[in-house]
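Before I ask anything, here is the structure I am working with.
The values are calculated or read from the model by the stated rules, or taken from the named source; none is laboratory data. Quick caveat, the model's predicted, so the values are computed rather than measured. Using ideal geometry, Cβ is built from the backbone for each residue, glycine included, and neighbour counts are taken over all protein chains shown. These accessible areas exclude ligands, DNA and RNA; they are computed on the full protein's heavy atoms, side chains included. Shrake-Rupley method; radii C 1.70, N 1.55, O 1.52, S 1.80 Å.
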Amino acid sequence: MSGTSAALKPPADAVKPVRHPEAPAPGELLGAHYEHCFGCGGGQPHGLHLQARADEGVRVTAEFTVKAAHQGAPGLAHGGVLATALDETLGSLNWLLRVIAVTGRLETDFVRPVPVDTVLHLDAEITAVHGRKIYSRATGRIGGPDGPVAVRAEALFIEVKVDHFIENGRPAEIQAAMADPDQTKRVRAFEVNP
């Protein structure tokens, strides 16, 4: 990205990210981290229903089909929806480190329009880790995984404890997520975004 802000440049003593030994295997579908998430949840009728897969190393790939409900200008995806797709994909990376993290900063470049009914092919990777800070980047391509770049982003995620969500979320949703008997689903409900 041109003009990346200083906040997204890892410091000199940042370390290379290391995939957690219990991270999902390459090719494994990650599934929704929370049923009611606008980005990946199946419980949102007009949500993105983004599907992310673990890739090699600290990478994920994802796909998102732009629907009519996602348009801004006539027949074209809304820029905020495209930024959400990038943010959701970048947030999925944290599952490969097995940490809970929230978006601290997201910078997006919109390179070309994305028409309704287009499949956006997303590829994201963690580039560095410095303490609680996780640096990452993503691209979204149209016409296939090797097609032209339509959007790209760089992000900074901050590792947090589950208390972040408990103290700031709506009590009914927090209690429902905490009561889920599926331990993996319970942990994943709190993995990304404030």
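Once amide H atoms are built 1.01 Å from N in the peptide plane, which residues 5 or more positions from Thr127, or in another chain, come under 5 Å H to H?
Residues meeting the criterion, in which the H sits 1.01 Å from N, are Tyr135, Ser136, Arg137.
Right, another one. What are the extents of the Cα atoms of the stretch 44-93 along their three principal axes, in Å, largest first?
39, 19, 14
Another question about this same structure. Let me see the pair-distance distribution of the stretch 52-150: every alpha carbon pair, 10 Å bin width, integer percents in order.
Calculated P(r), rounded to whole percents: 16, 48, 28, 8, 0.
Residues with amide H under 5 Å of Ala150's amide H, sequence separation 5 or more or different chain, H placed in the peptide plane at 1.01 Å from N; which?
Sorted by chain and number, the residues that satisfy this are Gly140, Arg141, Ile142.
Here's a follow-up. Which of the three applies to the stretch 1-125, rounded, prolate or oblate, going by the alpha-carbon gyration tensor with a ≥ b ≥ c and a/c under 1.5 meaning rounded? Write out the running numbers ahead of the final one.
Working: a/c = 2.09, a/b = 1.30, b/c = 1.61.
In terms of gyration-tensor shape, oblate.
Turning to a different aspect of this structure: So what's the net charge close to Thr4: Lys and Arg +1, Asp and Glu -1, counting the other residues with Cβ under 14 Å from its Cβ? Write out the running numbers ahead of the final one.
Values: positive: Lys9, Arg105, Arg137, Arg152; negative: Glu107, Asp109, Glu154.
Overall, the nearby charge balance is +1.
Still on this structure: Through the Karplus equation 6.51 cos²θ - 1.76 cosθ + 1.60, θ set to phi - 60°, convert the phi angles of the stretch 118-135 into ³J(HN,Hα) values in whole Hz; use x for Gly and Pro.
7, 8, 8, 9, 10, 9, 9, 8, 7, 9, 6, 10, 9, x, 8, 8, 10, 9
Same structure, new question: Whole number in Å², please: accessible area per residue of the stretch 1-145, 1.4 Å probe, ligands, DNA and RNA not counted. Intermediate results must be reported in sequence, preceding the final value.
Values: 6890 Å² over 145 residues.
That works out to 47 Å² for each residue.
Return a whole-number percent for the relative contact order of the stretch 36-97, with Cα pairs under 8 Å and 6 or more residues apart as the contact set. Show your work: numbers first, answer last.
Details: 77 pairs, mean separation 16.8, N = 62.
After rounding, I find 27 percent.
Roll a 1.4 angstrom probe over the protein heavy atoms and tell me the percent of accessible area of the stretch 68-116 that is carbon or sulfur.
Carbon plus sulfur share of accessible area: 55 percent.
Something else: Using the basic label-point model (7 angstrom from Cα toward the beta carbon), what is the Ala25 to Arg98 distance in nanometres?
Modelled inter-label distance: 1.7 nm.
Something else now. What number comes out for the charge environment of His130, summing +1 per Lys or Arg and -1 per Asp or Glu over other residues with Cβ under 12 Å away?
Working: positive: Lys9, Lys16, Arg132, Lys133; negative: Asp13, Glu159.
Result for the neighbourhood of His130: +2.
Go through the stretch 19-79 and name the trypsin sites (Lys or Arg not before Pro) that are in a DSSP coil and have 16 or fewer other Cβ atoms within 10 Å of their Cβ. It would help to have the intermediate numbers written out before the result.
Details: sites: Arg19, Arg53, Arg59, Lys67; in loops: Arg19, Lys67.
Passing both the DSSP loop test and the Cβ count: Lys67.
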